[in-house]
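The values are calculated or read from the model by the stated rules, or taken from the named source; none is laboratory data. For clarity, every value in this text was computed on a predicted model and none was experimentally measured. Note: ideal-geometry Cβ built from the backbone for every residue, glycine included; neighbour counts use all protein chains shown. Note: areas computed on protein heavy atoms with side chains; ligands, DNA, RNA excluded. Shrake-Rupley method; radii C 1.70, N 1.55, O 1.52, S 1.80 Å.
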Number of protein chains: 2
Amino acid sequence: MTTNAILETLSQPECAALLAGGSVGRLAIVVDDHPHIVPVNYAAEGTTIVFRTAADTILTEASLRRVAFEVDAIDEDRRAGWSVCVHGDGAEITHGVDAESRHLRELFLDTWAPEGRDRWFKVVASTVTGRYLVPGARRFDR
Amino acid sequence: MTTNAILETLSQPECAALLAGGSVGRLAIVVDDHPHIVPVNYAAEGTTIVFRTAADTILTEASLRRVAFEVDAIDEDRRAGWSVCVHGDGAEITHGVDAESRHLRELFLDTWAPEGRDRWFKVVASTVTGRYLVPGARRFDR
């Protein structure tokens with residue numbers, strides 16, 4: 001079976017709009033040369049990502065130095081989907097008294113997980129990329 | 001607002017069943033100390049993950065030495081979800097003539113992306129972990 005599906009590149013405004021509309025993303029971090037993926041509730045301010053965690057998670061200052069953050073939507077029926085990936089640097093903003101940290105902590109961040117998500121982090125994007133899989137007709141030619 | 005949601009650990013059989021039922025997962029790899037997240041169609045044989053890519057992607061033998069692979073389902077309305085994460089080593093099986101490589105290349109792997117996904121890879125799990133977020137009642141107490 002082959003397909004003439006097309007993988008299109010999303011524009012920066014499209015990526016920002018999709019980031020703004022999401023509530024759950026996946027953070028990839030590196031710990032001892034090993035990648036880890038952690039789903040998190042998040043809020044986006046432009047391309048800056050904000051999330052909260054508990055004190056005892058794998059997410060620390062060290063592991064957040066270089067991160068990737070991904071949001072996607074999958075449509076199983078149409079065999080389509082989009083994905084936006086932010087690469088950047090993470091930093092804790094729990095106690096930051098600068099105007100930006102205070103502003104980011106005031107964003108609406110709806111956390112589904114149990115209580116105790118007392119630490120706030122931001123990811124400042126260095127690059128934002130997105131792709132959209134446009135479904136194609138399937139050809140059952142083999 | 002607080003919540004009494006509970007984050008439960010999934011058993012190994014539960015993780016394997018959820019891996020078996022999925023068709024799209026997210027691969028996390030490390031390239032030059034930077035994590036990347038790549039959505040892929042996959043098939044699971046137990047806890048071994050199989051996927052295909054085109055020749056010119058970021059996925060290479062080097063970047064697949066240590067990987068994480070994640071599958072999840074998010075229920076926005078119920079504020080619930082589950083996530084299964086495989087940690088392990090990736091290897092190319094495109095040309096492997098051993099019985100396992102041949103068997104894995106015969107799995108039903110429904111790839112939505114454009115043609116040319118000619119390289120086959122496996123991820124052999126060293127650990128499989130999963131979590132289920134049981135939604136709780138919300139208390140608007142602040």
*For the range A:1-37, which residues satisfy the criterion of being surrounded by 22 or more Cβ atoms within 10 Å (Cβ to Cβ), touching a residue at least 12 places away in the same chain (Cβ under 8 Å) and of a type in the set (Val, Ile, Thr)?*
A:Ile29, A:Val30
*Within the range B:74-106, how many residues turn out to be under 20 Å from A:Asp72 (Cα atoms) and more than 12 Å from the chain's Cα centre (by Cα)?*
9
*Which one is surrounded by the fewest Cβ atoms within 10 Å (Cβ to Cβ) among residues in the range A:60-80 that are touching a Phe, Trp or Tyr at 6+ places or on another chain (Cβ under 8 Å) and at the interface with another protein chain (Cβ under 9 Å from one of its Cβ atoms)?*
A:Ala80
*asked:* When the residues of the range B:93-125 are narrowed to those that are of a type in the set (Lys, Arg) and within 16 Å of B:Ala44 (Cβ to Cβ), which ends up least open to solvent (accessible area, probe 1.4 Å)?
replied: B:Lys122
*asked:* Can you tell me which of (1) facing chain A (nearest Cβ under 10 Å); (2) under 18 Å from B:Pro35 (Cα atoms); (3) open to solvent by less than 40 Å² (accessible area, probe 1.4 Å) is the one B:Ser83 doesn't meet?
replied: (2)
*Looking at A:Thr48, A:Thr57, which one is open to solvent by 30 Å² or more (accessible area, probe 1.4 Å) and more than 10 Å from every other protein chain (Cβ to nearest Cβ)?*
A:Thr57
